[in-house]
Amino acid sequence: IKPSGIYCYDEQYVFVDKILYLRMTIIDAVTKLIIAEQLVSKHDFDNNTILTFFQTRLKGLPLEVILTDGRQGYPEIIEAVGAIHHRCFFHIMQNLMNPLQKRINKLERTNKRKQKTINKNTTTINEISNKYKGKKGRTRKDDKQRIKDNQKREKLNTENKKLTKEINENNDQLNEYENDLERIQNIWKS
């Protein structure tokens, strides 16, 4: 089996005796054969290490394209080796989806926290209402506790309305993000 000249490159973190290493791997994109692997200490790993790895391991092999993730140093390294750099489609999609998913998770956590506050406020409102269940009509001016409780109940109702409005706004934003996420997933599936 002859190498195609189109290669995929990536690193993987590996712990050996609690010491962090990086496993550098070149795989032929067409034949799916491993062309080269090397284990490098994290302290020795840099752009020069990658360049040397490419130059020594791809010497004498056909070389057209190298596919990588989005690490910043790759374009210069691959150009120095004499190949064309392509970004891996998976990593492009991942770079699109990760920030979107982080925003979705943040909004969902915020909504959950606000809903807990609403539930707590509603419980307090119900306790206050049950406390004065038998009493009807206007509150007397000398009934200081009941006036204070009514003010607290109104304040909690106002806070609940505000939180509900914020949850609804967040849900609208979530719907937009989820539509965007679905479009990205459809691109990935196609």
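Worth pointing out:
- Filter result for the condition that a residue is closer than 18 Å to K2 by Cα and either open to solvent by less than 60 Å² (accessible area, probe 1.4 Å) or in contact with a strand residue (DSSP E or B) (Cβ under 9 Å, 6 or more places away or on another chain) (or both), over L61, L67: L61
- Residue in the range 24-37 that is assigned to a strand (DSSP E or B), over 30 Å from Q185 (Cα atoms) and either open to solvent by 40 Å² or more (accessible area, probe 1.4 Å) or not hydrophobic (A, V, I, L, M, F, W, C) (or both) present: yes
- All conditions in (1) of a type in the set (S, T, Y); (2) in contact with a Phe, Trp or Tyr (Cβ under 7 Å, 6 or more places away or on another chain); (3) in contact (Cβ under 8 Å) with a residue 24 or more places away in the chain hold for S41, with the sole exception of (3).
- Pairs with Cβ under 7 Å, 6+ apart, first in the range 94-110 and under 16 Å from N186 (Cα atoms), second aromatic (F, W, Y): L100/Y177
- Residue match in the range 87-96 (condition: over 23 Å from the mean Cα position of the chain (by Cα) and either farther than 30 Å from N179 by Cα or crowded, with 16+ Cβ neighbours inside 10 Å (or both)): no
One line per residue, one yes/no per condition, for (1) over 30 Å from F89 (Cα atoms); (2) touching a residue at least 40 places away in the same chain (Cβ under 8 Å); (3) of a type outside the set (S, T, Y); (4) in a helix (DSSP H, G or I):
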site	(1), (2), (3), (4)
L156	yes, no, yes, yes
E159	yes, yes, yes, yes
K162	yes, no, yes, yes
L174	no, yes, yes, yes
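- Checking each residue of the range 129-143 against the condition of being β-branched (V, I, T), farther than 23 Å from I184 by Cβ and either part of a loop (DSSP other than H, G, I, E, B) or open to solvent by 40 Å² or more (accessible area, probe 1.4 Å) (or both) gives at least one match.
- Filter result for K112 (assigned to a helix (DSSP H, G or I) and over 30 Å from I92 (Cβ atoms)): yes
- Residues of the range 54-82 that turn out to be in a strand (DSSP E or B) and closer than 14 Å to T25 by Cβ, as a count: 3
The values are calculated or read from the model by the stated rules, or taken from the named source; none is laboratory data. Note that the structure is a prediction, hence the values are computed from the model and not measured. With ideal geometry, Cβ positions are generated from the backbone for all residues, glycine too; neighbour counts draw on all protein chains shown. The area values use the complete protein model at the heavy-atom level, side chains included, leaving out ligands, DNA and RNA. Shrake-Rupley method; radii C 1.70, N 1.55, O 1.52, S 1.80 Å.
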